[in-house]
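Asks: Shown below is the structure under consideration.
The values are calculated or read from the model by the stated rules, or taken from the named source; none is laboratory data. Here the structure is a predicted model, which means the values were calculated and not measured. With ideal geometry, Cβ positions are generated from the backbone for all residues, glycine too; neighbour counts draw on all protein chains shown. Just the protein is used for accessible areas: all its heavy atoms, side chains included, with ligands, DNA and RNA removed. Shrake-Rupley method; radii C 1.70, N 1.55, O 1.52, S 1.80 Å.
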Amino acid sequence: MPVLEINRHTQDLNLEPDMPLLWALRDELGLTATKFGCGVAACGACTVHLDGEAARSCMLPLGGLQGRQVTTLEGLRDDALMQRLQAAWLAEQVPQCGYCQSGMLMAAHALLRRHPQPSEAQIEAAMTNLCRCGTYPRIRRALRRAQLP
Ligand code: FES
Ligand code: FES
């Protein structure tokens, strides 16, 4: 019965400790901004923040998350950096089908919080999520637009 901190709320979950976090978020807590893509930590659609760092929730068993801070896109609704990123995403018309974009935004947020003016290499290292629609060039432009001058 893992007790987790999710979006600054304590959640006492009556779930098996080997259940992946993604399942608990979507199916038990209704936090559906986080998407299921591959289930094997390859695509990044399920990206959340774990203690502020991007992490792929489809391969994170609940039992290993006690005492860690989990944040989903819903938890950053009032966050200034996330609002800046979303405005940049709109301005650059990044999404196509949109399926991957929650994960992209979570990865971008973790990147810009750590590196407010990231180098190309830092972007390369941080933005490893997959987009079947090929929005990568727009994501780059939106990231640059969202970074502080
Ligand atoms: S669903 Fe988790 S990385 Fe693809
Ligand atoms: S916008 Fe369609 S998968 Fe990325």
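Asks: Calculate, in nm to one decimal, what Gln96 and Arg132 gain on full extension: separation in residues at 0.36 nm each, minus their alpha carbon distance. Please report the intermediate quantities before stating the final value.
Replies: Values: separation 36, 0.36 × 36 = 12.96 nm, distance 0.93 nm.
Full-extension gain reported as 12.0 nm.
Asks: Further question: Using the crude model of +1 on Lys and Arg Cβ and -1 on Asp and Glu Cβ, and no other charge, please compute the dipole size for segment 3-75 relative to its Cα centre, in debye to 20.
Replies: With only Lys, Arg, Asp and Glu charged at Cβ, the dipole is about 240 debye.
Asks: With a probe of 1.4 Å, find how much accessible area segment 97-149 has per residue, and write the answer as a whole number in Å².
Replies: Spelled out: the 1.4 Å probe surface of segment 97-149, per residue, equals 54 Å².
Asks: Per residue, what accessible area does segment 22-94 have, given a 1.4 Å probe and all protein chains present, in Å²?
Replies: 45
Asks: Cβ neighbours within 10 Å, averaged per peptide: list 121-128, 69-76 in order, most packed at the top.
Replies: Descending packing order for the listed peptides: 69-76, 121-128.
Asks: Largest first, what is the accessible-area ranking of Leu50, Leu90 with a 1.4 Å probe?
Replies: Leu90, Leu50
Asks: Ok, one more. Using only the C-alpha atoms of segment 77-146, find the volume of their convex hull and express it per residue in Å³.
Replies: Taking only Cα atoms, segment 77-146 has a hull volume of 76 Å³ per residue.
Asks: Which percent of the accessible heavy-atom area of segment 50-149 goes to carbon and sulfur, probe 1.4 angstrom?
Replies: Values: 2760 of 5230 Å².
In segment 50-149, the share of accessible area belonging to carbon and sulfur is 53 percent.
Asks: If you split all Cα-Cα distances of the chain into 10 Å bins from zero, what percentages do you get per bin, shortest first?
Replies: Spelled out per bin, shortest first, that is 12, 43, 32, 11, 1.
Asks: Additional query: How high is the FRET efficiency from Ala125 to Asn14, r the C-beta distance, R0 30 Å, rounded to 0.05?
Replies: Computed FRET efficiency for Ala125 and Asn14: 0.20.
Asks: Rounded to a whole number, what is D in µm²/s for segment 3-75 from Stokes-Einstein with the Kirkwood radius over alpha-carbon pairs (20 °C, 1.002 mPa s)?
Replies: Calculated translational D: 181 µm²/s.
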